[in-house]
Amino acid sequence: MDFNPLPTSTVVGAFLLAFPALFSIVNPVGASLIFHQVLADRTPHERRRLALRIAVNALLILLGSLLLGGYILNFFGVSLGALRVAGGLVVAIRAWGLLMEPEAHEDRKSDAASPAERKTDDIAFFPLTMPFTTGPGSIAVAIALSSQRPAGGHTVIPFFLGASLAALAVALSIWGLYRASDRVMALLGVSGARVMSRLVAFLLLCIGVQILASGVESLATDFLARR
């Protein structure tokens with residue numbers, strides 16, 4: 001039985017799997033509100049310049065995690081099935097926390113970005129990219145997504161192409177929403193952002209369960225093949 005309804009061997013299928021998961025965990029809508037609050041004393045030009053640099057940095061981090069994370073774990077002897085189970089658990093637990101306590105997640109992000117209020121040197125990478133925008137949770141989700149790659153053959157390339165396009169789309173959303181953070185603040189406000197955070201967290205929870213199920217299926221198939 002196939003637990004994964006998305007054909008990850010295609011570009012579109014990989015994109016439809018990766019984009020909601022990455023968008024949910026990064027949550028550029030909610031993050032843009034904190035970005036605006038933390039950098040309220042900066043000029044609009046400075047915020048736009050930082051938004052572009054953060055988006056580029058986030059893209060590189062997500063691509064590195066997607067393209068290399070799974071292979072690095074496999075190098076250390078972690079099977080693809082085990083990687084999927086672990087990755088699915090990480091995504092599901094992370095999503096559950098976001099779903100139940102979005103305020104706590106916002107507080108952690110605000111604390112991560114707070115040094116930007118004091119420092120005058122380059123803050124685009126630390127703390128505004130790492131860990132504020134794409135922290136350990138985002139990297140873990142990207143590695144979990146990489147575990148969904150096909151076992152081999154010519155289908156691996158379409159999978160990574162679709163996942164890379166999803167990372168690019170998330171980076172573009174970071175750039176656009178951070179750049180327009182003042183308008184996002186005026187449109188949604190804090191309560192509106194929390195409602196959206198809960199919606200995307202539920203979607204992320206479903207994706208985590210899907211990855212976990214595919215990992216259990218893979219482990220069960222390997223176990224039965226050895227019998």
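Read-outs throughout are calculated quantities, based only on the coordinates presented, and are distinct from any laboratory measurement. Fair warning: this is a prediction, and the values are worked out from it, not measured in the lab. Note that we place each Cβ from the backbone using ideal geometry, even for glycine, and neighbour counts take in every protein chain shown.
Values for this structure:
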| item | result |
| --- | --- |
| Restricting segment 120-175 to chymotrypsin sites (Phe, Trp or Tyr not before Pro) in coil, as DSSP defines it, with at most 16 other Cβ within 10 Å | Phe125 |
| Integer Hz, Karplus 6.51/-1.76/1.60 couplings in order for segment 41-51, x for Gly and Pro | 8, 8, 6, x, 5, 5, 5, 5, 5, 5, 4 |
| Vicinal HN-Hα couplings computed from phi for segment 53-63 (Karplus, 6.51 cos²θ - 1.76 cosθ + 1.60; Hz; Gly/Pro x) | 5, 5, 4, 5, 4, 5, 4, 5, 5, 5, 5 |
| Cα centroid of segment 47-104 to Cα centroid of segment 190-223, whole Å | 13 |
| Average Cα contact separation per residue, segment 18-226, under 8 Å, 6 or more apart, as relative contact order % | 49 |
| Cα-centred dipole magnitude for the chain, charges only on beta-carbon of K, R (+1) and D, E (-1), debye, nearest 20 | 240 |
| Pair Cys206, Arg42: separation of 7 Å Cα→Cβ label points (nm) | 3.5 |
| Loop chymotrypsin sites (Phe, Trp or Tyr not before Pro), segment 1-79 (other Cβ atoms within 10 Å of the site Cβ: 16 or fewer; DSSP) | Phe3, Phe76 |
| Zone of Val195's modelled label, taken as backbone nitrogen in segment 23-52 under 15 Å from a point 7 Å along Cα→Cβ | 30 |
